[in-house]
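Novice: Before anything else, here's the structure in question.
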Amino acid sequence: MKFLNRYRLPVAVFLFILFLLIPVQLMVDNPMLLLERFLPGGGWIEIALIALYGVVVAYHMQDPSKVQAWRRYTWLAFSVVFFSQLILGLFGYEKFLMTGKLHIPVPMMILAGPIYRGHLSVMSILFVSTLVLSGPAWCSHLCYFGAIDSISSSGKTRRSPIRNKWALKSTVLLLVIAGAIVLRWLKVPVFTATLLATGFGVIGLGLILLVSRKEGRMVHCTAFCPIGTIVNLTRFVNPFRLTIDQNSCTECMVCTTTCKYDALNPSDIAARKPGITCTLCGDCISSCHASSIQYRFLRLSPRRARNLYLLITISLHAATMALARI
Ligand code: SF4
Ligand code: SF4
Ligand code: SF4
């Protein structure tokens, strides 16, 4: 019975990935699956391979003690796939691009792009869909840029909270929105807007390489990136939550050094819930000797809520990896 239980989640992930990708292969005229572009019927092979990838990831991540390492490997793999396709696209191999056009790979463009252009992009639609389905998982499993911040911050985590985090986050968010409106209003050419967006991305990369690395925390993602701020503010559209059990928590503070998102500070432990920048990544779960940190989803038990979260998030991660290219 225990043996069968180990395979329940991986099998569910396998089936859910098929459910997400088969309609894409059958219904979309312009092949969205990469292998289909090179080999007729190759899309089916890609679906099978990516579903098997989901099985392996789910098998390992159902063990809370393996989440931190596996999330980092798989998120990095996601980013490598994404940026490899960007580089091939830059060298003129248009088959690697979803729409055949290059877009700036800076997450801020998910917000600023539609404001500047006046219409939604594929990436914006993808972002909103994942927000509805898996809450803040975009910022722990699905963003090509966040994976770099995750790697950079992998050292020892500082215990003190990031100071003035919300002042910085809200200022950057408002500046990005206002900037995109002004660029549109002044009919600033695409080339100039692209240069500005690239400059924003370079500043972000600087933060990742200098500040996040020093702090051992994802400072770029928790205090700078406007998409991260939107995720923080809108994550409650989705019912997944993380709680700290009122009675069993001994306030030992061991878990506070496992959180890279500045969401498990002593004040959060006292309030018995992670801070708003929590992305439900799950890194902290196994650090708690009292099993006090628990996933919640409506009336489901913590174990079922966590499995449901893994099912949705791993499937979206795998399916998006098969599709998402700029
Ligand atoms: S905060 Fe920004 S860069 Fe970080 S994971 Fe989220 S969207 Fe990506
Ligand atoms: S509180 Fe836990 S689940 Fe939330 S971001 Fe921090 S480590 Fe991840
Ligand atoms: S590790 Fe567990 S018991 Fe200790 S402070 Fe964190 S939630 Fe509480």
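Novice: In percent, what relative contact order does segment 2-323 have, based on Cα pairs under 8 Å that are 6 or more apart in sequence?
Specialist: Computed value for segment 2-323: 24 percent relative contact order.
Novice: For a 20 Å ceiling on Cα separation, which of these pairs sit above it: K156/K214; K95/K187; K66/K165; K66/K169; K165/K273? Walk me through the intermediate numbers first.
Specialist: Numbers: K156/K214 9 Å; K95/K187 31 Å; K66/K165 30 Å; K66/K169 31 Å; K165/K273 18 Å.
In this structure, K95/K187; K66/K165; K66/K169 exceed 20 Å between Cα atoms.
Novice: Projected onto the charge dipole of the chain (+1 at Lys/Arg Cβ, -1 at Asp/Glu Cβ, origin at the Cα centre), which of W138, H289, I230 gives the Cα projection farthest towards the positive end?
Specialist: Positive-end residue among those listed: H289.
Novice: Report the charge-dipole magnitude of segment 2-323 in Debye, nearest 20, computed about the Cα centre from +1 at each Lys and Arg Cβ and -1 at each Asp and Glu Cβ.
Specialist: Details: 31 positive and 12 negative charges, 149 e Å.
Here the size comes out at about 720 debye.
Novice: Let me spell out the model: positive unit charges on the Cβ of Lys and Arg, negative unit charges on the Cβ of Asp and Glu, origin at the Cα centre of segment 117-176. What dipole size does that give, in debye rounded to 20?
Specialist: Details: 7 positive and 1 negative charges, 75 e Å.
So the dipole magnitude of segment 117-176 works out to roughly 360 debye.
Novice: Work out, step by step, the length gained on full extension between T243 and L168: first 0.36 nm times the residue separation, then minus their alpha carbon distance; give nm to one decimal.
Specialist: Working: separation 75, 0.36 × 75 = 27.00 nm, distance 2.64 nm.
Going from the current span to full extension adds 24.4 nm.
Novice: Report the gain in length on full extension from E94 to L39: 0.36 nm times residue separation, minus Cα-Cα distance, nm rounded to one decimal. Before the final figure, lay out the partial values.
Specialist: Details: separation 55, 0.36 × 55 = 19.80 nm, distance 1.55 nm.
Between E94 and L39, full extension yields 18.2 nm more.
Novice: Counting other beta carbons within 10 Å of each residue's own, what order do F224, F297 fall into, fewest first?
Specialist: Values: F224 25, F297 19.
Going from least to most buried by this count: F297, F224.
Novice: Calculated from DSSP H runs of 4 or more alone, at -39500 (n - 2.57) each and per residue, what is the 222 nm mean residue ellipticity of the chain, nearest 500? Write down the numbers at each step before the final one.
Specialist: Values: 13 runs with 185 residues, N = 326.
Per the formula, -18500 deg cm²/dmol.
Novice: Now a separate question. Volume per residue, Å³, of the convex hull around the alpha-carbon atoms of the chain? Spell out each step's value before the answer.
Specialist: Working: hull volume 44.0 nm³, N = 326.
Once divided by residue count, the hull of the chain is 135 Å³.
Novice: A follow-up question, please. Let me make sure I get this right: for segment 216-326, a, b and c are the square roots of the gyration tensor eigenvalues over alpha carbons, sorted descending. Under 1.5 in a/c it's rounded, otherwise prolate if a/b > b/c, else oblate. Which is it? Don't jump to the answer; show the numbers that get you there.
Specialist: Values: a/c = 1.90, a/b = 1.30, b/c = 1.47.
Note, shape of segment 216-326 comes out oblate.
Novice: Rank I312, G54, I162 by how far each Cα sits towards the positive end of the charge dipole of segment 2-323 (+1 on Lys, Arg Cβ; -1 on Asp, Glu Cβ) and give me just the farthest.
Specialist: So the residue we want is I162.
Novice: Compute the longest continuous run of the chain that contains no exposed trypsin sites (Lys or Arg not before Pro); treat a site as exposed when its DSSP state is not H, G, I, E or B and it has at most 16 other Cβ atoms within 10 Å.
Specialist: Details: sites that count: K101, K156, R158, R159, R163, K187, R272, R299.
Longest site-free region, per DSSP loop and neighbour criteria: 1-100.
Novice: In which sequence would C255, C221, C143, C288 go, from the one with the fewest C-beta neighbours within 10 Å to the one with the most? Walk me through the intermediate numbers first.
Specialist: Values: C255 23, C221 32, C143 29, C288 20.
Least crowded to most crowded, the residues run C288, C255, C143, C221.
Novice: Compute, for segment 22-122, the length of the dipole vector about the Cα centre, with Cβ point charges of +1 (Lys, Arg) and -1 (Asp, Glu) only. Units Debye, rounded to 20.
Specialist: 280 debye
Every number here is computed from the coordinates shown, using simple stated rules; none is lab data. As the structure is a computational prediction, the values presented were derived from the model and not from experiment. Counting neighbours? That spans all protein chains shown, and the Cβs are built from the backbone with ideal geometry, glycine included.
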